[in-house]
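The values are calculated or read from the model by the stated rules, or taken from the named source; none is laboratory data. From a predicted model like this one, the values you see are computed outputs, not experimental measurements. Positions of Cβ are generated from backbone atoms using ideal geometry, with glycine treated the same way; all protein chains shown enter the neighbour counts.
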Amino acid sequence: MKIFIDTADIDEIKEAYSWGIVDGVTTNPSLIKKAVDKLKAGGKEVTMEDYIGDICLAVDGPVSL
């Protein structure tokens, strides 16, 4: 059995991977938009495309969008 975390929050993804039990990430456009909007509200300039790339770089496993 494989365990996937269902989120777009990169901090949550990194924390789950640090536990050593997560095999991959699943997310969707609405979760990604929410995470990007949160970063933008904090003053960061980020696009959804760049954020998706950051998710892919944060994991060593499959990412399902």
(message) Can you find, within the stretch 11-33, the residue that is nearest to the chain's Cα centre (by Cα) among those that are surrounded by 14 or more Cβ atoms within 10 Å (Cβ to Cβ) and more than 14 Å from residue 65 (Cβ to Cβ)?
(response) 12
(request) Return the total of residues in the stretch 12-28 being modelled with pLDDT under 95 and closer than 20 Å to residue 49 by Cβ. (result) 0
